[in-house]
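Novice: Structure below; questions to follow.
The values are calculated or read from the model by the stated rules, or taken from the named source; none is laboratory data. Since we're looking at a predicted model, the values are computed, not measured. Heads up, the Cβs are rebuilt from the backbone with ideal geometry, glycines too, and the neighbour counts pull from every protein chain shown.
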Amino acid sequence: MQLGLSTYSFFWQISKNNPNALTLEDIIKETKAYGLNLLQICDFPELETYSDEKLIEVSNIAKEHGVKLEVGTRGISFSKLTEYLKICNLLESKTLRTMLNDASFEPSQDEAIQLLKEMTPAYEQKGIQISLETYEQRKTAELIEIIKEVDSQFLGICLDPANCIANLELPEDVMKLSAPYVNNLHLKDFKFTRKDGWVGFSLVGTSFGEGQLDATLMLEILNERHKKPNAIIEFWLPLQETMEETVQLEKQWIEKSIGNISDLFSKQ
């Protein structure tokens, strides 16, 4: 199980609202500086504007720093999967994390099966796995039914139990349902806090290991299925009073999360 960072780990550091925003090349170097060798470029639509030459340049920068790249997007339309097959190939990514829905297309279950049956052979040929993320817009059981129908070793689940709480799915249930099909893992911790006045709750992000995600159980469930997917750190970090304060906290969360996860892995 290789540990990596995501562009979501650098969400505020690369934000267009940050006057000192880092570039993609910068966060490749930052990933290495944190002692990790894997970066998932996830929901980063700028990739779609890059020329082939620019994508190859990014790939070369990653190789120079000893960082492997993975790619993430949203949607499974024919055009989207065709475009990202090329992007993955040029960035030498062996994983495409995606979701069924995007802003313009929400396929039915039958449409999703048809599209994935049509496109997975091209991904298989390039040795690239497609990883459908668990999230609140579609039930986990539906994702699994689609994967079963498509029946490809190159199609699986990107497990992120935190996302599914908003669809009233318990993290433990999502872990157990998904475990046989997991080929990518998002490590994102969370907690519920009372709102002011004790009226209602907020679901907020934390650095990994400081929230309510039962990560030990999650790894036990995956180990039972002999699953060792790449594990990608992500955050739900709310904007603080200033961008500078937010960025400093984001950096602290990265360091704390790497330390906590390394401790967790050492106990497995």
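Novice: Working only within the stretch 222-268, note down all residues that are β-branched (Val, Ile, Thr) and touching a strand residue (DSSP E or B) at 6+ places or on another chain (Cβ under 9 Å). Even if it seems obvious, please write down each step before you answer.
Specialist: Taking the stretch 222-268 first, the residues β-branched (Val, Ile, Thr) are 232-233, 242, 246-247, 254, 258, 261.
Selection gives Ile232, Ile233, Ile254, Ile258, Ile261.
Novice: Looking only at the stretch 235-253, which residues are farther than 20 Å from Ser202 by Cα and in a loop (DSSP other than H, G, I, E, B)? Let's see the steps before the verdict.
Specialist: Just the residues of the stretch 235-253 that are farther than 20 Å from Ser202 by Cα, to begin with: 242-245, 247-248, 251-252.
Answer for the stretch 235-253, where residues must be farther than 20 Å from Ser202 by Cα and in a loop (DSSP other than H, G, I, E, B): just Thr242.
Novice: Pick from Glu70, Glu30: which is crowded, with 20+ Cβ neighbours inside 10 Å, among the acidic types (Asp, Glu) and in a strand (DSSP E or B)? Walk me through how you get there before you give the answer.
Specialist: Working: Glu30 fails: in a strand (DSSP E or B).
It is Glu70.
Novice: Moving on. Checking the conditions here, which among Thr193, Thr216 is surrounded by fewer than 13 Cβ atoms within 10 Å (Cβ to Cβ), among the polar types (S, T, N, Q) and out of contact with any strand residue (DSSP E or B) (no Cβ under 9 Å at 6 or more places or on another chain)?
Specialist: Details: Thr193 fails: out of contact with any strand residue (DSSP E or B) (no Cβ under 9 Å at 6 or more places or on another chain).
Result of the check over Thr193, Thr216: Thr216.
Novice: Given the structure, is Leu96 surrounded by 15 or more Cβ atoms within 10 Å (Cβ to Cβ), in contact with a Phe, Trp or Tyr (Cβ under 6 Å, 6 or more places away or on another chain) and part of a strand (DSSP E or B)?
Specialist: yes
Novice: Turning to a different aspect of this structure: For the stretch 196-207, name all the residues that are within 25 Å of Pro229 (Cα to Cα) and either of a type in the set (Ser, Thr, Tyr) or surrounded by fewer than 16 Cβ atoms within 10 Å (Cβ to Cβ) (or both). Explain how you work it out, then say what you get.
Specialist: Let us first name the residues in the stretch 196-207 that are within 25 Å of Pro229 (Cα to Cα), namely 205-207.
Selection gives Thr206, Ser207.
Novice: Further question on the same structure: Using the structure shown, decide if Ser262 is modelled with pLDDT of 95 or more, among the hydroxyl-bearing types (Ser, Thr, Tyr) and in a helix (DSSP H, G or I).
Specialist: Answer is no for this residue.
Novice: Next question. Please enumerate the residues belonging to the stretch 158-176 that are buried (at least 20 other Cβ atoms within 10 Å of the Cβ) and either part of a helix (DSSP H, G or I) or touching a Lys or Arg at 6+ places or on another chain (Cβ under 7 Å) (or both).
Specialist: Cys158, Asp160, Pro161, Ala162, Asn163, Cys164, Pro171, Val174, Met175, listed by residue number.
Novice: When you scan the stretch 187-195, do you find a residue that is farther than 23 Å from Thr7 by Cβ, among the hydroxyl-bearing types (Ser, Thr, Tyr), without any contact (Cβ under 8 Å) to a residue 60 or more places away in the chain and touching a Phe, Trp or Tyr at 6+ places or on another chain (Cβ under 7 Å), even just one?
Specialist: yes
Novice: Considering only residues that are farther than 14 Å from Phe265 by Cα and either at pLDDT below 95 or outside any strand (DSSP E or B) (or both), which ones fall in the stretch 201-220?
Specialist: Kept after step one, since they are farther than 14 Å from Phe265 by Cα, are these residues of the stretch 201-220: 201-207, 210-213.
Matches in the stretch 201-220: Phe201, Ser202, Leu203, Val204, Ser207, Glu210, Gly211, Gln212, Leu213.
Novice: Here is a follow-up. Restricting the stretch 124-157 to residues that are assigned to a loop (DSSP other than H, G, I, E, B) and on the phi < 0 side of the Ramachandran plot, which is surrounded by the fewest Cβ atoms within 10 Å (Cβ to Cβ)? Break it down stepwise before answering.
Specialist: Residues of the stretch 124-157 that are assigned to a loop (DSSP other than H, G, I, E, B), as a first pass: 127-128, 134, 136-137, 139, 151-154.
Now drop any that are not on the phi < 0 side of the Ramachandran plot, which leaves 128, 134, 136-137, 139, 152-154.
Details: Ile128: 22, Thr134: 27, Glu136: 13, Gln137: 12, Lys139: 17, Ser152: 16, Gln153: 9, Phe154: 22.
Among those residues, the one meeting the criterion is Gln153.
Novice: How many residues, within the stretch 1-21, are over 17 Å from Trp236 (Cβ atoms) and either within 14 Å of the chain's Cα centre (by Cα) or buried (at least 18 other Cβ atoms within 10 Å of the Cβ) (or both)?
Specialist: The total comes to 3.
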